[in-house]
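A short write-up of the structure that comes next.
The values are calculated or read from the model by the stated rules, or taken from the named source; none is laboratory data. Computed from a predicted model, the values in this text were never measured in an experiment. For neighbour counting, all protein chains shown are included, and Cβ atoms are generated from backbone atoms with ideal geometry for every residue, glycine included. Side chains are part of the model used for accessible areas, which takes the heavy atoms of the whole protein and leaves out ligands, DNA and RNA. Shrake-Rupley method; radii C 1.70, N 1.55, O 1.52, S 1.80 Å.
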Amino acid sequence: MSGVYSTDPAAGAALRDPGTVPRPAAARTIGLRRAFGPVVAVDGVDLDIPMGAVLGLLGPNGSGKTTLMRMLLGLVRPTSGAVELLGRRVPDLAHEVLPHVGAMIEGPAFHPHLTGRANLTRIAAAEPLLDTPRIPGAVRATLRRVGLDEAADRRYRDYSLGMKQRLGLAVPLLVRRRLVVLDEPTNGLDPAGTRDVRQIIAEMNAAGATVVVSSHLLSEIEATCSHVAVLQSGRLVASGELRTLLDSGPGALMVTTPDTARAVHALQGAGIDAEIGGGIGGGPGPQVHVAPGPPAPDVVALLVHSGVAVHAVARPAARLEELFARLTEGPR
Ligand SMILES: Nc1ncnc2c1ncn2[C@@H]1O[C@H](COP(=O)(O)OP(=O)(O)OP(=O)(O)O)[C@@H](O)[C@H]1O
């Protein structure tokens, strides 16, 4: 594990906003570990997911996201450690909380020969919180909400990948949940479908649900989530409010100057990584991009000393993509 990020030691406890009263956790993992033979998929994860959060679970392929989500839902038993959902231990007390928890994780077992509507009706019949007379209405409304009303009476096996994904998303939407866990819900969706998922997540959250969502689409996570947790080789390398994490990194500097070539020459001569343009943010006039590291006053002093006219210096807001790269691509 890299330990490349300063939040690492406190990663598990970092979902608290300093200065505010901590919200109770909708889900909590304590020293959670799962090994499959010699492979440690999840390795000592302490994570608090505050009530009301939309938490994006990030990590490279094979970093343990799905295994962590499956343990949250009581689908996989931890090798050691514990999970609490809505204040109850899982899997021991799963029956008490799982009706309030919706999930889309590696798709439920849909029957290929049944229509989307028939499939969803079967699943709705097993929902403890849905009375039988309400099932047809709930199924109809949910199919409409995921954009499958026109395809509702076609067989599942004839659905496209995106339509199958939408039907999977319909399951947690059948009843109002307190916690929703979605494993890569935008996988296979077109841009309109991706926008729908974003909207559905926002609506569920506005209706009071805490949402945990994994995705490889960092722009989606950035647009959707209030919190993030980053896994790397089964370990939690950072977690917390998205804004706080983005603001806490070193960040690159953009220097606006008419003397770009001279600026780059001076900076590189001092061993500082710099290039013309830089591609972040953009701004008025020619710019030099200075890689994260040196404090802004030192950069300015060096440039002025070298006869470079410095018109402005800015540290554009970090993007999740940069944060993710820093956390997961550092030296191991
Ligand atoms: N049932 C299993 N048996 C053996 N190994 C498993 C099993 N489930 C997961 N693993 C292993 O555990 C590790 C974590 O897998 P997991 O699916 O949780 O990662 P992930 O972050 O969800 O990956 P991806 O982004 O590719 O979906 C991988 O090395 C994987 O091969």
Between residue 36 and residue 325, what length in nm is gained on full extension when 0.36 nm per residue of separation is reduced by their alpha carbon distance?
101.3 nm
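Restricting things to Cα coordinates, could you compute the convex hull volume per residue of the range 253-315 in Å³?
Details: hull volume 4.2 nm³, N = 63.
In the range 253-315, the Cα convex hull volume per residue is 67 Å³.
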For the range 83-94, what does the Karplus curve 6.51 cos²θ - 1.76 cosθ + 1.60, with θ = phi - 60°, yield as ³J(HN,Hα) per residue in whole Hz, taken in order and with x for Gly and Pro?
10, 10, 10, 6, x, 10, 5, 10, x, 4, 10, 4
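Nearest 500 deg cm²/dmol is fine: what mean residue ellipticity at 222 nm does the chain get from its DSSP H runs of n ≥ 4 alone, each adding -39,500 (n - 2.57), divided by its residue count? Mind showing how you got there, number by number?
On the way: 11 runs with 105 residues, N = 332.
After summing the helix terms and dividing by residue count, I get -9000 deg cm²/dmol.
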Selected from 183, 273, 247 as most flexible by GNM, with the chain as the system and alpha-carbon contacts under 10 Å
273
Roll a 1.4 Å probe over the protein chains and send me the accessible area per residue for the chain in Å².
46 Å²
Expected max-MSF residue from 258, 185, 60 in the GNM of the chain (alpha carbon, under 10 Å) is 258
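Quick check: with the 1.4 Å probe, what order do 216, 227, 305 take by accessible area, largest first? Before the final figure, lay out each step's value.
Values: 216 80, 227 5, 305 165 Å².
I get 305, 216, 227, largest accessible area first.
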Can you send over the solvent-accessible area of residue 244, 1.4 Å probe, protein chains only, in Å² to the nearest 10?
80 Å²
When only C-alpha pairs under 8 Å and at least 6 residues apart count, what is the relative contact order of the range 253-315, in percent?
48 percent
Bin width 5 Å, alpha-carbon pairs only: give the P(r) of the range 77-217 as whole percents, running from 0 to the bin holding the largest distance.
2, 10, 19, 22, 21, 14, 8, 3, 1, 0
The computed P(r) of the range 9-247 puts the percent of Cα pairs beyond 27 Å at 33 percent
Can you give the accessible area of residue 328, probe radius 1.4 Å, in Å² rounded to 10?
10 Å²
176, 195, 315, ranked by accessible area, largest first (probe 1.4 Å)
176, 195, 315
Using the C-alpha atoms of the range 154-216, what convex hull volume per residue, in cubic angstrom, is computed?
83 Å³
Please give the solvent-accessible surface of residue 97 in Å², to the nearest 10, using a probe radius of 1.4 Å with every protein chain present.
10 Å²
What does the charge add up to near residue 222, with Lys and Arg as +1, Asp and Glu as -1, over the other residues with Cβ less than 12 Å from its Cβ?
0
Nearest-5 percent of antiparallel DSSP beta bridges in the chain?
65 percent
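What order do 68, 129 take when sorted by accessible area (1.4 Å probe), most exposed first? It would help to have the intermediate numbers written out before the result.
Details: 68 5, 129 70 Å².
Output order, biggest surface exposure first: 129, 68.
Could you work out the Kirkwood radius for the range 21-158, taking every pair of different alpha carbons, averaging 1/r and inverting it, reported in Å?
On the way: mean 1/r = 0.0585 Å⁻¹.
So the Kirkwood estimate lands at 17.1 Å.
With a 1.4 Å probe and all protein chains left in place, how much of the accessible area of the chain comes from carbon and sulfur atoms, in whole percent? Can you show the working numbers first?
Details: 8100 of 15410 Å².
C and S fraction of accessible area: 53 percent.
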